Structures are given as structure tokens and as C-alpha cells.
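The values are calculated or read from the model by the stated rules, or taken from the named source; none is laboratory data. None of these values were measured; they are calculated from a predicted model. Methodologically, a virtual Cβ is constructed for each residue, glycine included, from the backbone with ideal geometry; neighbour enumeration extends over all protein chains shown. Surface accessibility is based on the protein's heavy atoms, side chains included, excluding ligands, DNA and RNA. Shrake-Rupley method; radii C 1.70, N 1.55, O 1.52, S 1.80 Å.
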Amino acid sequence: MSRKLLRLSLYALLACCFAISSHTLGREAPTVFSGLTAHEWGTFTSIAGRDGQAVEWSPLAGPADLPVFVEHFRNAGFKRGLRGTVRMETPVIYLYDSREETVSVKVALSQGVITEWYPRASRVEPAANIFDGTLYLQHPDGSIAWDSVTLSPILREVFPRENLDNHYYAARMTSSTPLRVKTSAGEQQEKFLFYRGVSTFSVPVSAKLTTAGKLLVENRSTEEIPNTILFERRGQKVGYRIGGAIRKDAILDPPELTGTIDDLGRDLEGMLVAQGLYQDEAHAMVETWRDSWFEEGSRLLYVLPAAFVDGVLPLSINPAPAQTVRVFVGRLEIVTPATEKAVQRALVTHDGATLKMFGRFLEPILETMIQKESDSARVQQFHQALNSYYSSEIAQNVRKD
């Protein structure tokens, strides 16, 4: 009996030592990836019209929000004229490998065009001139390709930096393998492949307010929407309601404005990790969009079905990764009575600061208000505001060109 107890004690001691050793090694040793791994996150932004479906708007209007080293289709100003239903915001592709390896990457955007990217791409198509209205005509899908991207685990990180407050840099805060791309202007280094675009494809959800002030959310795809959040911000007060997965439809009560941005950020990170992102990637995504996702107004945030993403944004990597994870968040802006009142009050009081808060969404918000308004004087006021908005955008285009 004593020998048996002695053996059990010895096994327990060895197990304890192994656990301590494993914990120490896990803390100190870098993550080792078995073969090539690719992870990607991004956002599809739209705004809902009166019927709840995404409407046409100028999704790329507004001030530039990217560092100057980012490359543009034609120039930084032309894109303001593009109209579509979806602003594809900041997809970043992280690549992981324990050895140096060279890969090629290509992404296509259904019914759209790629507008910004970094590092320099080998090809961006269509090469023909794109102008306002082109996206609604028959044309080849937009695409971008990097023919030779070298992953370098031991690369000394020398990444371009300027305007360090820019949210672009938050995406670098991950353990992804540094990469380099040789260009005619010299070698460019980054922690990811970055691109943006605009498209006219139909988003997989619609959302409209009921007469009771609740939000009716309908899943218009064949795949389940993995998770949803209804968010609202009025000044310094914020609130959100987690709606969960949606197979067909759901009715969400408006959130009480008693929440905090930090709590919402943690909940969002948990949802993103549940979809397959690493913790640091999920945190990087939330930090990248903290100022935008949580700005003034009301919106539905939802995780897009993976099959939908692959359908509208097919990705090919050669050699093929051992694992590929793509997590995209949809953002559908909702024009609520509170938003309409805020805009109308700002127009009456000439409150430019409030109008500026709604930024690129101001045009479709005013269009929605015009459709609903029966008072001719107010309709004229809204049209004047809309014309003023267009004039401002045209003036900015001229300065950019």
C-alpha cells in the first residue's frame, strides 16, 4: 500500500512539474504556426432606407482618414463621386508562418471597385476609368493582386509612420508575421495586406423601425447571421442590445442608454474571437473602429455569414494556407426619429458641429427625411441643406484634384 501511495505521489509531483514547465514555456516562447495561416477582418458599411434595405449613397465622402503612404485608385479625390450601397472598410489580411515564405494573394470585389491599398499591389482592376454611376452598369468585378509577398518572421520591423493618431496603426498590434513587398519605389513593409473599396451588392440584412419604435431585422441570406448588436449614442450616453443569431427575422427593443463603450468593446471582442479571430486581432479590429462604430446615431452591427463573405469577396492565396479565417462585421446605419430631430434642430440653429457628426451619412439621412416630410417649407429646407452638402463635396473634390 505504501509503495502504491509513493508511486501516486511521484506521478503527482511529475505532473505538477510538467504543468509549471508548460506554463513557463507557453508564456516565454513565441507562437509556432504549423504551416501558413491567414486571418482577415473587415467591415461592410451601409445605411438603411425607409423600407429597411441598404440605399444608394456616396459612401466614400468625407475627410480622408488614412495615412498619406496608402495608395489610391487614380487619386485621393476621385472616389468621392462613387455611389454604391456598401463601403468596404479596411479589410486587413494577416499572414502567419514560422519560416520565410513567398505567397501570392488576390481578392475580388463583386459589383465593386478597390479604391485604396497598401503595400503597392501588382494589379488593380478594372484598369479603365471609373466614374459616378459606373458601378451600376455592367462591368468586371473589382480586384486587387499582390503577386509576390514575402513573409519574414525575423524581419526587423521598419513600418511607415506619420500622423500617429490615425486609427490605421491599431491593426498592427498583433503577432502576425511581418511581410515585405518589392516595388519600383523600393521595398515596402507592413504587418498585413490592406485594401478598401465600394460596391453595389445587396447586404444580407434589412432593418426598419416598427410603429412601436422597435427594430425589425430580417435576414435576407440563406445563411444564419451569427450575431447582432443594436447600438445607439446620443451625446455622452450610449446603449446597446445584443440580439444574438438570426435565422429569419427578429424584433429588437431600443437599448437603454446606460451602457459603456468599454463593456461593448469587450462583448464585441468576444464575438469576434468566437468566430475564429485571435484575441489580439479582435482587439485590433475593435480599436481600429472604436471612433466610428460608436459614434453618434443608431446602427445595427452584425457578424456576416462566412459563405456570404466568400461569395462577394472571394480570396485566393497561393500556396494555400493550412487555415483561413475571415470575420467581417456589417454596419447598417438606422435613421431614427431621434436622428431626424437632431439634424432638423441643427439646420434651424445652424449647428454645423452637429451636422458634421453625421458626416458621410448626412446625405442619405436628408434624403430619408425628404421622403417622409409633408410640410413643403421643411422639404425646401432639407433640399437646401442637401445642395449645400453636395457643393461642399464638389469643392473638396476640386481641391483634391
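Give the residues of the stretch 339-367 that are β-branched (Val, Ile, Thr) and buried (at least 21 other Cβ atoms within 10 Å of the Cβ), sorted by residue number.
Within the stretch 339-367, 339, 343, 365 meet the criteria.
Return the pair list, or none, for Cβ contacts closer than 8 Å from residues in the stretch 230-245 that are in contact (Cβ under 8 Å) with a residue 12 or more places away in the chain to residues that are hydroxyl-bearing (Ser, Thr, Tyr) and part of a loop (DSSP other than H, G, I, E, B), at least 6 apart or on different chains.
232/336; 237/258; 238/260; 239/258
Could you say whether any residue in the stretch 373-383 is touching an Asp or Glu at 6+ places or on another chain (Cβ under 8 Å), open to solvent by less than 10 Å² (accessible area, probe 1.4 Å) and touching a residue at least 12 places away in the same chain (Cβ under 8 Å)?
For the stretch 373-383, residues touching an Asp or Glu at 6+ places or on another chain (Cβ under 8 Å), open to solvent by less than 10 Å² (accessible area, probe 1.4 Å) and touching a residue at least 12 places away in the same chain (Cβ under 8 Å): present.
Filter the stretch 231-243 down to the residues that are within 14 Å of residue 271 (Cα to Cα) and hydrophobic (A, V, I, L, M, F, W, C) and list them by number.
Selection gives 242 alone.
If you go through the stretch 243-284 one residue at a time, how many are under 27 Å from residue 343 (Cα atoms) and open to solvent by 50 Å² or more (accessible area, probe 1.4 Å)?
Of the stretch 243-284, the ones under 27 Å from residue 343 (Cα atoms) are 251-261, 264.
Those left that are additionally open to solvent by 50 Å² or more (accessible area, probe 1.4 Å): 251, 253-254, 256-258, 260.
The number of residues fulfilling the criteria is 7.
It is to be established whether one or more residues within the stretch 72-80 are open to solvent by 10 Å² or more (accessible area, probe 1.4 Å), modelled with pLDDT of 85 or more and over 21 Å from the mean Cα position of the chain (by Cα). Steps first, please.
As a first pass, look at the stretch 72-80 and keep what is open to solvent by 10 Å² or more (accessible area, probe 1.4 Å): 72-76, 78-80.
With modelled with pLDDT of 85 or more added as a condition, the list becomes 72.
Filter once more, keeping what is over 21 Å from the mean Cα position of the chain (by Cα): none.
Looking through the stretch 72-80, none of the residues is open to solvent by 10 Å² or more (accessible area, probe 1.4 Å), modelled with pLDDT of 85 or more and over 21 Å from the mean Cα position of the chain (by Cα).
Grab the strands (runs of 3 or more DSSP E) fully contained in the stretch 179-239, keeping just those with 2 or more residues being crowded, with 22+ Cβ neighbours inside 10 Å and out of contact with any Ser or Thr (no Cβ under 6 Å at 6 or more places or on another chain). Before the answer, list the steps.
Numbers: elements: 179-183, 186-190, 193-199, 205-209, 215-219, 227-234.
Fully inside the stretch 179-239 and qualifying: 193-199, 205-209, 215-219, 227-234.
Give me the residue from the stretch 158-178 that is open to solvent by 20 Å² or more (accessible area, probe 1.4 Å) and small (Gly, Ala, Ser) and, out of that set, farthest from residue 139 (Cα to Cα).
Here the answer is 175.
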